[in-house]
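Enquirer: The following block contains the structure, expressed as structure tokens.
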Amino acid sequence: MIIRDRKPLAIQVVYTKTAGVTLPELQDRQAGSDPATDPTTTDPAAGTPAIWSRNFRYYFTARGAGLLGDAMLPVAVTAGLVSAHHDASTVGFALAFLFGPFAGLVLFGGVLADRFTARRMMIGADLLNLTTRVLLAVLFFRGIDQLWQLYLLLALAGTAAAMFQPGAASTVPLVARDVQGANGVLRTAEAFAALLGPALAGALAAVATGWVMVIAAVTYGISAVCLFALRLGTVPAPPHGDSLWRNLVVGWHEFRARSWLWGVIVIWLFFTVLGWGPLLPVSSGLVIPEYGGTAYFVVNCAFGAGTVIGGLLAVRYKPERPLAVGAVAMLAFPLYPLGIVLGWPVWLLAAAQVVVGTGLTFWSVMWATSVQTQVPGEVLNRIHAYEVAGSVCMFPIGSALSGPATEAFGADRVLGVGIAVSLLAVAALLLVRPIRTLRRVPDRP
């Protein structure tokens, strides 16, 4: 067993007790799997790919349905409020009530997933999402006369997302032996959901926003049923009697003990607040007036197509040093803002977005797979929660600061800073030795 970073005592004990056991074998034991009965085992005679086991098919269906429901909500709420003649500030408050609880509660979602198992938390989150969508459907069909009701339901939806997300990552190694391939397929499904969800929500919202909520409720019902059908073995849990605070502290120590993990998050904080966060509001303010709304839609669809390509590429290509190769793929990110600054035509901006989508998705699969295979199962939920919190928290800050920065320095300079920071982020990822040298964990046989 290769130990790449200093581990806290609790994890050193685990590694000592499993001396000579590879991480895939340890995952098998933690999951209670047996090659003779494990549903993730491939039947060579049947010719079924290892990734498409019974468990993974159910999980893929659950995630695809849930992601579609998630993708519809922001567009549907925005369209519903605008059609009801509410102003932009109301829309902003509504989205803040949706995304705020996620950022604030995702850490507790990781702790609770360890305490009550990830599957129970995800099923509970799906049922809460189903309930909120039914109530939102009633609210939009009846007409919104009390905004606090809408804000409350959106806050509950954000809370459900925070409870679901940590388990979404830790479940992947339990349902698929080819973890990278599974992540690639899931990212592809996420890309399709990101394309289909807003388009479906926009089309139905023109008729009645309530019907969007009805369809979303059905998607969460499908997700809950498929998650309930999973057959998982014994999942490691934190010691009985530990407090929530103690579990958070242990998760923090485990997160801090892995220099490659927190190193990426630190780099990502700067990249997000200065590069990625400002890109969407600044680019839309330049592309739409210059090229029109249709061109902006085409450019965003091109990005979605790139994410599909990146997901499919990640299924097939498994580099020995995933974070190093993923960092190289991140070199694609500056192409789109560079094209806007240089005034490229629409077709070239769309081509750039295909490349950007491919590179970002390939990096995300390399990153997710590294976290899921390098971190022991008993702390994975909590570490993933810290990772998500660190990755997401700076995005709204970057978006919020983009407006004042554009007024003070100009849009081209803001995009120029983003280009420079993204290149520096790639350089940092490749220069930090624990990140650059982290090796891929082989698939379970």
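The values are calculated or read from the model by the stated rules, or taken from the named source; none is laboratory data. Quantities reported herein were computed from a predicted structural model and do not represent experimental measurements. Note: ideal-geometry Cβ built from the backbone for every residue, glycine included; neighbour counts use all protein chains shown.
Enquirer: What number of residues in region 388-419 are under 25 Å from the mean Cα position of the chain (by Cα) and either in the same structural domain as Gly110 (by TED's automatic domain parsing) or in a helix (DSSP H, G or I) (or both)?
Expert: Summing the residues that are under 25 Å from the mean Cα position of the chain (by Cα) and either in the same structural domain as Gly110 (by TED's automatic domain parsing) or in a helix (DSSP H, G or I) (or both) in region 388-419 gives 17.
Enquirer: Next up: Give region 424-443 a look and list any residue that's part of a loop (DSSP other than H, G, I, E, B) and under 13 Å from Ser259 (Cβ atoms), or say none.
Expert: Within region 424-443, Val432, Thr437, Leu438 meet the criteria.
Enquirer: Mind checking which residues of region 406-418 are of a type outside the set (Ser, Thr, Tyr), out of contact with any Phe, Trp or Tyr (no Cβ under 8 Å at 6 or more places or on another chain) and crowded, with 18+ Cβ neighbours inside 10 Å?
Expert: Scanning region 406-418 gives Ala411, Val414, Leu415.
Enquirer: Looking at (1) within 24 Å of Gly181 (Cβ to Cβ); (2) among the small types (Gly, Ala, Ser); (3) surrounded by fewer than 22 Cβ atoms within 10 Å (Cβ to Cβ), find the lone condition where Ser370 falls short.
Expert: Evaluating Ser370 over (1) within 24 Å of Gly181 (Cβ to Cβ); (2) among the small types (Gly, Ala, Ser); (3) surrounded by fewer than 22 Cβ atoms within 10 Å (Cβ to Cβ) leaves (3) as the failure.
Enquirer: Scan region 109-116 and give yes if some residue there is within 29 Å of Asp178 (Cβ to Cβ), of a type outside the set (A, V, I, L, M, F, W, C) and at pLDDT 75 or above, otherwise no.
Expert: no
Enquirer: Which is buried (at least 16 other Cβ atoms within 10 Å of the Cβ), more than 30 Å from Leu430 (Cα to Cα) and either modelled with pLDDT of 80 or more or basic (Lys, Arg) (or both), of Leu286, Leu313? Walk me through it before giving the result.
Expert: Details: Leu313 fails: more than 30 Å from Leu430 (Cα to Cα).
Every option except Leu286 fails the conditions.
Enquirer: Still on this structure, I have one more. Can you confirm whether Leu431 is in the same structural domain as Ala329 (by TED's automatic domain parsing), under 26 Å from Leu313 (Cα atoms) and among the hydrophobic types (A, V, I, L, M, F, W, C)?
Expert: Working: in the same structural domain as Ala329 (by TED's automatic domain parsing): yes; under 26 Å from Leu313 (Cα atoms): yes; among the hydrophobic types (A, V, I, L, M, F, W, C): yes.
So Leu431 passes the test.
Enquirer: Right, next: Name the helices (runs of 4 or more DSSP H) wholly inside region 93-205 in which the number of residues that are of a type in the set (S, T, N, Q) and surrounded by 24 or more Cβ atoms within 10 Å (Cβ to Cβ) is 1 or more.
Expert: Helices (runs of 4 or more DSSP H) meeting the threshold: 118-142, 147-170, 179-205.
Enquirer: Is at least one residue of region 196-203 touching a helix residue (DSSP H, G or I) at 6+ places or on another chain (Cβ under 6 Å) and modelled with pLDDT of 85 or more?
Expert: Taking region 196-203 first, the residues touching a helix residue (DSSP H, G or I) at 6+ places or on another chain (Cβ under 6 Å) are 197-198, 201-202.
If we keep only those that are modelled with pLDDT of 85 or more too, we end up with none.
For region 196-203, residues touching a helix residue (DSSP H, G or I) at 6+ places or on another chain (Cβ under 6 Å) and modelled with pLDDT of 85 or more: absent.
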